[in-house]
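Student: Quick one: this structure, given as structure tokens, is what I'll be asking you about.
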């Protein structure tokens, strides 16, 4: 299914950081929505600022408008404030994008585990994110950093325990 | 032989004649008034009979409504003037426009965050029709204009700005004077306007043009596009044709401020 762009994407001023405060608020809210839904659609978990500039999200080639680096930084800062983004480095060149929170991911995984009667089984992290059994599940292909956080969230809830095994980490669901 | 002309007698006679004419005039006027009253009574009861016969048509047929309204206008009657009474009770005309007014307000509120409170009559019409569903009465642009005029009178911040042969409906009490209106009209063709276009088209000084554009930005009616070739473009979401008829998404709904 192809990605559906919001109306703002085809509105030339959307790519200029608005001088009016109220309008800018609306604009940034729309940008945050757009970035998160784009990442969700393409299952992107990390973004590189330099690469982002050339990504279709921030660069509408057909309309010849693109968001400036400064503006992208402003959008990313908004996302960070909302808890949807984390910088991986001090220079703010790469970031983690959380279009779904760890707790939500944890819930999804636990649901799958209990639906299939696999409570009390042990899984390796790889099995969860890349195993044949989880093929088709939303959390299939989840990157390890997010997988771990999600399991940690479940752990805090007493629903799982992360185990260290010989060749890596695993998890037991309760 | 009498000589007609000046003299105390002639003057007195003249005065008496005038007095008699005046008296006659008063009598005439009273007569006329009684006659006119009778005529109006007849007219009114005919109109009532007409109205009750055609009540259904009034509610169902937009063309009929236009003609009915025009007819009322020629005799100086405004069926929407008061909520109660003959017109709304007998015909439901008041109800019809009241309900329409409510619908119009709903549509404008739902889109305010996008267009700053300015919407083309076309788009408003499209969305009102959509919201009414298949089985409800058809609504014309004339109906919308009348309902909006009513809303304006009630002081809801509504106004209509003539642009390009139709109207822009203003639903927020943003202060728009003649200068602003004229620039909006200029922007109607392409959905945006530039300082140069204002200077060339309206023969204004740069400062005056910038002042107006700044105001439109401030009111949230215009957005700035600084990546256009040449100079900055000022776009009006209300006039952005690709925007019309696009539904409000759940994300947008969450962004809306009351």
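Student: What is the helix-to-structure angle for A:21-42, meaning the angle in degrees between its Cα long axis and the longest Cα principal axis of chain A, kept from 0 to 90 and rounded to the nearest 10?
Tutor: Result, in degrees: 40.
Student: Using the Cα gyration tensor of segment A:102-173, with a ≥ b ≥ c the square roots of its eigenvalues, what is the shape: rounded (a/c below 1.5), prolate (a/b larger than b/c) or oblate (neither)?
Tutor: Rounded is the answer for segment A:102-173, as its axis ratio a/c remains below 1.5.
Student: To continue, here is another question. Checking the a/c ratio against 1.5 first, then a/b against b/c, what shape does the Cα gyration tensor give for chain A?
Tutor: It is prolate, given that a/c is not under 1.5 and a/b is the larger ratio.
Student: For Cα pairs less than 8 Å apart in space and 6+ apart in sequence, what is the mean separation divided by the residue count of chain A, i.e. the relative contact order in percent?
Tutor: Averaging sequence separation for qualifying contacts and normalising by length gives 17 percent for chain A.
Student: Once the Cα atoms of helix A:102-115 and of chain A are each reduced to a long axis, what angle between those two axes, in degrees from 0 to 90 to the nearest 10, is obtained?
Tutor: 40
Student: Continuing with the same structure: With a 10 Å cut-off between alpha carbons and a GNM built on chain A, which of A:23, A:46, A:124 moves the most?
Tutor: A:23
Student: Here's another thing I want to ask about it. What angle, in degrees between 0 and 90 and rounded to the nearest 10, separates the Cα long axis of helix A:69-81 from the longest principal axis of the Cα atoms of chain A?
Tutor: That works out to roughly 40 degrees.
Student: For chain A, with a Gaussian network of springs between Cα atoms less than 10 Å apart, report the residue from A:120, A:20, A:84 with the top mean-square fluctuation.
Tutor: Judging by the Gaussian network model, the answer is A:20.
Student: What shape does segment B:192-240 take by its C-alpha gyration tensor, where a ≥ b ≥ c are the square roots of the eigenvalues and a/c under 1.5 counts as rounded, a/b above b/c as prolate, and the rest as oblate?
Tutor: oblate
Taken together, the values in this text are just the output of simple stated rules run on the coordinates, not laboratory data. Here the structure is a predicted model, which means the values were calculated and not measured.
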